[in-house]
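Reading through the structure tokens given below for one structure.
Each reported figure results from applying straightforward, stated rules to the coordinates on display, with no laboratory input. As the structure is a prediction and not an experimental result, all values here were calculated from the model. Using ideal geometry, Cβ is built from the backbone for each residue, glycine included, and neighbour counts are taken over all protein chains shown.
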Number of protein chains: 4
Amino acid sequence: MTETNIQIFERLSRRFSSPHHEWMGFTLKAVEDEWVEVAVPWRDEFVGAPGMAQGAIIAAMVDVAAEYAIAARFGNPVPTINLHIDYHRPARPGTLTARGRVIRLGATVTTAEARVFDFEGELVASGRGSFFTARPSTKRG
Amino acid sequence: MTETNIQIFERLSRRFSSPHHEWMGFTLKAVEDEWVEVAVPWRDEFVGAPGMAQGAIIAAMVDVAAEYAIAARFGNPVPTINLHIDYHRPARPGTLTARGRVIRLGATVTTAEARVFDFEGELVASGRGSFFTARPSTKRG
Amino acid sequence: MTETNIQIFERLSRRFSSPHHEWMGFTLKAVEDEWVEVAVPWRDEFVGAPGMAQGAIIAAMVDVAAEYAIAARFGNPVPTINLHIDYHRPARPGTLTARGRVIRLGATVTTAEARVFDFEGELVASGRGSFFTARPSTKRG
Amino acid sequence: MTETNIQIFERLSRRFSSPHHEWMGFTLKAVEDEWVEVAVPWRDEFVGAPGMAQGAIIAAMVDVAAEYAIAARFGNPVPTINLHIDYHRPARPGTLTARGRVIRLGATVTTAEARVFDFEGELVASGRGSFFTARPSTKRG
């Protein structure tokens with residue numbers, strides 16, 4: 001029996017209680033067939049240079065959105081193998097949103113991508129990550 | 001007249017007062033000819049999965065170490081064009097350290113790399129970033 | 001007056017005469033509103049390990065598809081700032097196809113992505129690149 | 001008994017007979033404790049834009065140098081998981097050289113980096129790749 005998007009949403013929401021995600025203020029906003037959406041309300045602590053978020057905050061959006069896109073389909077927490085983020089424009093103060101989507105779900109390695117938007121829906125960054133999705137018996141390098 | 005490493009250390013330490021860097025707990029540890037070193041004491045809020053830091057925290061280490069390696073030589077805050085991080089092993093609780101080094105200082109784009117170590121000096125991740133180092137007159141894309 | 005996709009196809013086809021693209025065997029297959037498609041017939045010289053293409057061949061597919069996705073809209077040859085490729089499965093002998101799509105067209109930096117398929121339409125790799133799209137007056141780093 | 005660098009050089013030279021490497025013109029130049037060096041004589045077919053190599057050629061240099069840095073220590077051909085290349089300046093006609101170095105040799109994933117130089121020793125690009133180094137029993141994703 002396949003989980004519905006509502007069931008996936010409920011399952012992922014419970015897992016959104018990791019100390020990191022609570023600290024950053026991540027909330028799960030939506031689970032659709034193709035993507036999941038996460039959001040983070042603005043905090044003044046995100047400011048790296050006057051009027052814009054530090055690149056690391058945007059990297060966190062890509063990491064978490066990609067991770068949850070995978071968790072929606074794979075079900076387990078997965079270690080990140082690598083992460084790549086392209087910055088398109090400065091991220092101004094306001095709620096940040098990211099949509100994550102699986103590119104390819106593999107037996108060992110799964111790749112997902114994410115797009116990060118500012119409060120007006122402008123694309124501020126996009127990126128992708130590879131995650132280790134081998135079953136527990138396979139030891140990680 | 002060229003700045004000495006001590007003068008660079010003092011200049012960068014003053015700039016380490018960005019809201020993001022204070023929030024994360026970044027401190028500048030050393031400025032050498034070839035690299036700069038930053039550190040972040042462990043916080044339980046870094047935990048993404050039991051016993052290890054969220055990948056985003058490590059991405060922040062790479063971003064900030066690369067940024068300061070560039071700031072040591074370029075002098076201005078620089079916007080990130082992109083960031084790439086490879087994760088080598090789980091980052092366990094304990095102070096995290098990163099060494100950043102400029103790979104190539106360019107007129108428009110500068111590339112720097114960083115290595116992230118745990119409290120026992122084990123390499124947990126490495127990565128690189130490109131930053132926009134054109135003079136203010138050049139508008140960013 | 002805006003170019004039609006047919007006009008773009010004809011303009012790009014003429015530019016497909018670079019020594020590199022001829023040597024590799026690249027041909028432009030389609031120009032759509034959202035993406036462009038390029039193809040390369042298999043050559044035994046692509047073999048890196050028995051029965052599969054060297055990763056560098058797939059990197060070329062991503063580079064060229066992304067480049068032409070940008071050329072379709074920007075009109076000039078553009079230097080690559082960086083390139084990132086994720087490999088999903090071995091690329092077996094047979095014509096390789098790649099679809100390139102612009103993620104964000106910027107004044108200075110433009111980012112595009114590409115997906116690479118084998119002769120049966122299986123996704124073998126995907127990736128992205130940033131390209132320098134500043135007007136000639138801006139000197140490159 | 002550990003292989004000497006001369007023994008590694010001889011072993012890798014024999015493996016340099018892959019169709020791809022012969023086609024591109026790769027030769028192994030040196031094996032040192034820390035790095036391996038490969039070279040490719042210039043071909044007019046490398047030209048992507050007037051007077052400079054296509055980015056894909058440089059990507060091939062990074063891929064192959066990283067692959068051989070790993071082969072020097074791991075001994076087996078290894079599939080590429082991903083590849084990231086930063087372009088620092090246009091690669092002009094003349095022999096291209098790349099030095100590859102292992103960043104971390106892991107049980108499942110190994111990361112290596114490479115720097116690409118033109119005929120005058122100018123750094124034209126640098127990058128890194130992750131390769132799958134699990135023993136054959138582990139199926140690839």
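Side notes on the structure shown:
- Distances in nm from D:GLU122 to the matching label points in the other copies, shortest first (labels 7 Å along Cα to Cβ): 3.6, 4.3, 4.3
- Residue among C:THR95, C:THR80, C:THR108 with the largest mean-square fluctuation in a Gaussian network model of chain C, springs linking Cα atoms under 10 Å: C:THR108
- When the inverse distances between all different Cα atoms of region D:5-132 are averaged and flipped, the Kirkwood radius reads 14.4 angstrom.
- DSSP assigns beta bridges within chain D; of those with both partners inside it, close to 100 percent run antiparallel.
- Mean per-residue shielding of peptide C:40-50 is 4, counting Cβ atoms of other chains within 10 Å of each Cβ.
- Taking the alpha carbon gyration tensor of region C:68-141, multiplying each eigenvalue by 5 and rooting it gives semi-axes of 28, 11, 9 Å, largest first.
- Distance in nm between pseudo-label sites at B:ARG73 and A:THR2 (7 Å out along the Cβ direction from Cα): 5.3 nm
- Full extension of the chain between D:ASP44 and D:THR95 gives 17.2 nm of extra length, using 0.36 nm per residue less the Cα-Cα distance.
- Calculated on C-alpha atoms, the gyration radius of the protein assembly as shown divided by its Kirkwood radius gives an Rg/Rh of 0.94.
- Sum of -39500 (n - 2.57) over DSSP H runs of 4+, divided by residues of chain A (222 nm, nearest 500): -8000 deg cm²/dmol
- To the nearest ten degrees, helix B:55-74 and the longest principal axis of the Cα atoms of chain B are 30 degrees apart.
- Residues D:ILE58, D:ILE6, B:ILE8, sorted so that the one with the fewest Cβ neighbours within 10 Å comes first: D:ILE6, B:ILE8, D:ILE58
- Principal-axis analysis of the Cα atoms of chain D puts helix D:5-15 at an angle of about 70° to the longest axis.
- Under Karplus coefficients 6.51, -1.76 and 1.60, residue-wise ³J(HN,Hα) of region D:95-101 in Hz, glycine/proline x: 3, 9, 10, 9, 10, x, 8
- The mean of 1/r over all pairs of different alpha-carbon atoms in region D:31-84, once inverted, gives a Kirkwood hydrodynamic radius of 12.6 Å.
- Distances in nm from B:THR2 to the matching label points in the other copies, shortest first (labels 7 Å along Cα to Cβ): 3.5, 5.4, 6.4
- The residue of chain C whose Cβ sits closest to the rotation axis that maps C onto A, together with that distance in whole Å, is C:HIS84, 2.
- In this structure the amide hydrogen of B:GLU32, modeled in the peptide plane, comes within under 5 Å of the amide hydrogens of B:GLU37, none closer than 5 places in sequence on its chain.
- Separation of the A:PHE119 and B:ALA107 label points, Cα + 7 Å toward Cβ, nm: 4.0 nm
- Here is how far apart the B:PRO93 label points are across copies: 3.5, 5.7, 6.4 nm, shortest first, using a point 7 Å from Cα toward Cβ.
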